[in-house]
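The values are calculated or read from the model by the stated rules, or taken from the named source; none is laboratory data. The structure displayed is predicted, hence computed values, not measured ones. Positions of Cβ are generated from backbone atoms using ideal geometry, with glycine treated the same way; all protein chains shown enter the neighbour counts.
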Amino acid sequence: MNRIAYFYKVRPNKLDEYIKAHKEIWPEQVELLKKSGVKKMVIFNRGNDLFLYSEIDDVKRYHKIRSASEVDKRWSDYMNTLLVKPFDSKEPHAFAELKEIWELEED
């Protein structure tokens, strides 16, 4: 199982719309995520800062399936209207990938 985490920001005054979009996420987008190997995906927020954590079977397969999907393209286009892009000068897109440095897991 692979874990991916991203830090990103929602545009000022767009947080409510972002939350609503995820409460009403398109069923076809959920199916695509499952098909692409997502076992768990969670989003947290504090103010306009967002943190996404996901557990994925195969990251290459995940990106390949999503990049070939019209549903994902439409979802991403919509999300890009809500997110700050670019994240910063080091990240050309809205998502800043986080490096895992420590884990505690109970047996």
### Residue within the range 50-72 that is within 14 Å of the chain's Cα centre (by Cα), at pLDDT 95 or above and exposed (fewer than 14 other Cβ atoms within 10 Å of the Cβ) present
no
## Note on the structure
In the range 18-53, anything in contact (Cβ under 8 Å) with a residue 24 or more places away in the chain, more than 25 Å from SER67 (Cβ to Cβ) and assigned to a helix (DSSP H, G or I) is listed as ILE19
### Task
Please enumerate the residues belonging to the range 55-107 that are part of a strand (DSSP E or B) and of a type in the set (Val, Ile, Thr).
ILE56
### Task
Could you figure out which of (1) of a type outside the set (Asp, Glu); (2) without any contact (Cβ under 8 Å) to a residue 40 or more places away in the chain; (3) closer than 16 Å to LYS9 by Cβ; (4) crowded, with 16+ Cβ neighbours inside 10 Å isn't true of PRO92?
(4)
